[in-house]
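For reference, the structure discussed in these notes is given below.
The values are calculated or read from the model by the stated rules, or taken from the named source; none is laboratory data. Please read all numbers here as calculations on a predicted model, not as lab measurements. Remember, those area values only see protein heavy atoms, side chains included, never the ligands or the DNA or RNA. Shrake-Rupley method; radii C 1.70, N 1.55, O 1.52, S 1.80 Å.
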Amino acid sequence: QVQLVESGGGSVQAGNSLKLSCTAARRTASNNGMGWFRQVPGREREFVAAISWNGGNAKYSDSVKDRFTISRDYGSSTAYLQMNLLKPEDTAIYYCAISRSAVSSTAPTTYQYWGQGTQVTVSA
């Protein structure tokens, strides 16, 4: 089993920035895509951003495009999510995940390993 740990969450004011990090307890799946998802109680898990194994292909949801940036250390199971211009609607628990393949995917079902999540709260 692979355990992913997210960090960097917190409570900030709207317009501020936050950077999330995701690391695996053990080096694994370095050649697989990675992604970030978020979830609010009562809602389905929502895609945020994804990146291919080599960082050459990144995808973003329309709600975060131009504000968030996903990145990763090349050839490693470490990913980051730089969040700028945060809005109250960005408030959620953010999860990182490792894909089953090398490509970036928006579907939660294509990911095989998930972290425990980190809370991000944005106040108006």
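With viscosity set to 0.692 mPa s and temperature to 37 °C, compute the Stokes-Einstein D of the range 65-124, Rh being the Kirkwood radius across alpha carbon pairs; µm²/s, no decimals.
Answer from the Stokes-Einstein relation: 251 µm²/s.
In whole percent, what relative contact order does the chain give with Cα contacts below 8 Å and a gap of six or more residues?
Dividing the mean separation by the residue count of the chain yields 35 percent.
Among all the aspartates and glutamates, which ones have a C-alpha under 19 Å from LYS65's C-alpha, if same-chain residues fewer than 8 places away are not counted?
Within reach: GLU46, GLU89, ASP90.
Over the chain, give the accessible area per residue in Å² for a 1.4 Å probe, as an integer.
Ligands and nucleic acids excluded, the result is 51 Å² per residue.
Between ASN31 and GLN112, what length in nm is gained on full extension when 0.36 nm per residue of separation is reduced by their alpha carbon distance?
That pair, ASN31 and GLN112, stretches by 27.8 nm at full extension.
Which whole-angstrom value gives the distance between the alpha carbon centres of the range 76-124 and the range 34-70?
Each part reduced to its Cα centre gives a spacing of 6 Å.
What number, in nm² with one decimal, is the all-direction average of the projected area of the convex hull of the alpha-carbon atoms of the chain?
Seen from a random direction, the Cα hull of the chain projects 6.7 nm² on average.
Once fully extended, how much extra length lies between ARG100 and GLN3, figured as 0.36 nm per residue of separation less the alpha-carbon to alpha-carbon distance?
The ARG100-GLN3 span can extend by a further 33.4 nm.
Can you send over the carbon and sulfur percentage of the accessible area for the range 12-124, probe radius 1.4 Å, protein chains only?
46
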